[in-house]
Structures are given as C-alpha cells and as structure tokens.
Amino acid sequence: MTTKRILFILSGLIACTLVLAQPKRPSIQYGPWIQNVTGDGFTVVFKTAEPSLAFVEVAPDDGSSMYNTERPQFYQTVAGRRVHGTMHRIRVSGLQPGTAYRYRIIGKTALDDSYAYGIVWGPEGNISGEISGIKTLDQSAPECRFSMVNDMHGHFGRFSGLTKSLKPSDLDFFVMNGDIVSYVNSIDTMMKYTFGPAKDLLKSVPSIYVRGNHESRGREFDKVPGLFDSPTGQFYYMFRQGPCAFLVLDGGEDKPDSSGEYFGTADFDAYRAAELEWLKQAVKDPAFTSARWRVALIHIPTISHVTPWYCQQWLCDNVLPVLNGAGVDLMLSGHHHRYIYVDPRQDGNQNDFPIIVNSNVDRLDFKADDKHLDVKVVDAHGKEIHAHSYSK
Ligand SMILES: [Fe+2]
C-alpha cells in the first residue's frame, strides 16, 4: 500500500471520528407534559437525557408559521438566573384565556459546566417538534369536559388502553386521580408509568394530578412534587373551568402515622390539618362560590361505610363537613379499586352530594354546561357501563 493510500485512509478515519464525536442536541427522555394550566399560562415539564439549557417558544395556534416571526421565549430561572439540568419545569405566562396555542422546546446540552466562567454548550435546536392544540382555561367558557383514570398502579397497558381513543380537542384537561404508580423508589419509573401511557395526549392536554396514598411511598417520593405544578404549589388547590370549580384535595397516607408500614417517616396528621385550614378559606373564594357546579377531586373518598381506615374516617369527620357547608355538587374518587356510587344522605351517609368512586379498570368522562352535568363511566372496550346526570 502506498503512503498516499495510507494517508487517504487515515484522513477518512479522522473525519469519521470527528463526525461521530460531534455533540448532539439534547434528547427528551420523558415528556413533555402540561401542568398548572390557568387562564393566562401553563407549565411545560420534561426530562432530558443530558444536562441541558432549554426554553419554550409559544405561538397562537392560528396556522401561522412558528419560524417567520419572533415568538416569546420562556425560561426556567432561579432568582434571576437560567437553570440547566435534566429536569425542566418552564412556566409560560401572559396568554389569553380560552385560546389555543402551540409550543416547541429549544435546547442545548451542557458539555462541560465545571468552570464557573466558561460553560461549553453543544449545538442549540428544536428538541420537541411543534406541539399544537394546548388551550388555556376560561372561566366564561360555556362548558367543561375532562376524562379521568385512577389506581393504574403501574399498569402501562391498562392506562394506554383506556386513553387511546381520547381526542385532545374533546378535553379541557385530563385527571389522574391517584395511585398511578404503587411507590416511588425511582422518579424515572414514576415518569415512565405516569406520563408514558398517554404520552401524545398529555403533551397538549393539561393533566390534573390528584395525589394517591401510594405516591408518598418509596425512596424518591420527595422528587414527586417536581413533576407537577399547581396554583398553590401544593397537591391541594382550586381552579375554574367554564361553569365548574374544582377542589383538588390530598388525603395523604391512608393509615395512622404510627403504622409500621411507614417506618417512622409519616407526618400526615399535621399535613392534613394544614390542608384543612387552607380548604376552609378556599371554599370562600369568589371564584369557587360563583361557580355553577362545585366538584371535589380526592383519591380517598369521604365515605364511612366501605373500609373506612384511619384517613378515610378522618376525611369524613373533618373535610366532609366543610364540603357539605360549601355546596359541593359532586365528589370523584378512586382508591377502592371498584365502582361505588354513594347517594347523598342515604342509608346514614353524611354527604350532601353524590360521590362516584371510579374503579381501577375503567375511565370516567365528565361534561358540564350551565344546566347539566353528565358523568359516564366506560370500560376498557369503550362500552358505557355507568351514567349519572344532574340538572340545575
Ligand atoms: Fe389508593
């Protein structure tokens, strides 16, 4: 082989190595999903495989090109400085109520951030594609529509089967009413099983997360709040959509704090007491009192006739009187892994409003306008198995 030939082969190998070593844009490992949708904004949450600096670009969903106009950009910051890492929670603000938007995520990898005065970035670019159809909430909308599942307990296929027929345009939001996973030893596993089964739906349809008792278990339970966002920053909050006001409540763990299952780590009595004080004020909020329909979303229902373990009875004794006094129209729950319907004030029940406990294998569809509130429960085959209608 001639020297010229050897040099030619060597130069080819060097070129290939340089191409392969070329830093790439960050890749999205989980998400994105939409949290804390309000009348004027929403939060985009996702995880990148590489430590990255990212921002969200937003445009009206009006058919115009995202590229030919300068679009507003939203950053994740801490006290004035943009944050780079693998978990991303970016708040988009300044939007109009009841309006459809598109967004895309632009990012670049931090190749070397060891030197405080010289971070080495990889190439920057669009890492999410263009995601359309996200709509802000609107208190004056004529109706409210959502679907709900609960107690999936890590059954990826069951969750995806129940949601595959849902169309983003038919939903204002999607409710996950607790125990979507059984414990959180790995936050990555929780992301996979919570946002993976309905990945395409949840990148444009906002998800409302109601914490279940199981999601406070496991080594990485303290990372769970980082996957979500809410108006209060807590797992309990109130929001409006159209004629409906929603109270999202968190019963915490289901057994006494002293229970052996918690190995001395539970402090839920104090947590629930603080939440109760918040609830007493929340139900006085004009946004709540002015709603045509008032709906409570809570994983553990306020019923005392079906296995009322410690927390469930505590909720009956403490939370239920507040909800009764606040004119709540309906409670939607899970936890019992079977369908239960509880009429108001029947058979000694103390609830002034109906309670629907959804099973762990069915989906609940909700629709309300000024005069009617309809709930349908459908099974895995899409067959309607329960229906309830209320009128005012
Ligand atoms: Fe549960």
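See the values below:
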| quantity | calculated |
| --- | --- |
| Helices (runs of 4 or more DSSP H) wholly inside region 133-225 that include at least 3 residues being farther than 22 Å from residue 336 by Cα | 187-195, 199-202 |
| Residue that is within 16 Å of the ligand (Cβ to nearest atom), over 20 Å from residue 151 (Cβ atoms) and not in a helix (DSSP H, G or I), where the choices are 266, 291 | 266 |
| Hits in region 327-345 - residues which are of a type in the set (Gly, Ala, Ser) and within 13 Å of the ligand (Cβ to nearest atom) | 333, 334 |
| Selected residue [in contact with a Lys or Arg (Cβ under 9 Å, 6 or more places away or on another chain) and either away from the ligand (no atom under 16 Å from the Cβ) or assigned by TED's automatic domain parsing to the domain that holds residue 273 (or both)] from 160, 230, 207, 216 | 160 |
| Residue in region 184-198 that is under 16 Å from residue 332 (Cβ atoms) and more than 16 Å from the ligand (Cβ to nearest atom) present | no |
| Test: residue in region 240-262 that is part of a loop (DSSP other than H, G, I, E, B), closer than 20 Å to residue 35 by Cα, in the same structural domain as residue 355 (by TED's automatic domain parsing) and away from the ligand (no atom under 16 Å from the Cβ) | yes |
| Selection status of residue 88, more than 30 Å from residue 245 (Cβ to Cβ), free of Cβ contacts under 8 Å to residues at least 40 places away in the same chain, buried (at least 17 other Cβ atoms within 10 Å of the Cβ) and not assigned by TED's automatic domain parsing to the domain that holds residue 199 | no |
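The values are calculated or read from the model by the stated rules, or taken from the named source; none is laboratory data. Quick caveat: nothing in here was measured; it's all calculated off a predicted structure. Ideal geometry is used to build each Cβ from the backbone, glycine not excepted, and the neighbour counts take in all protein chains shown.
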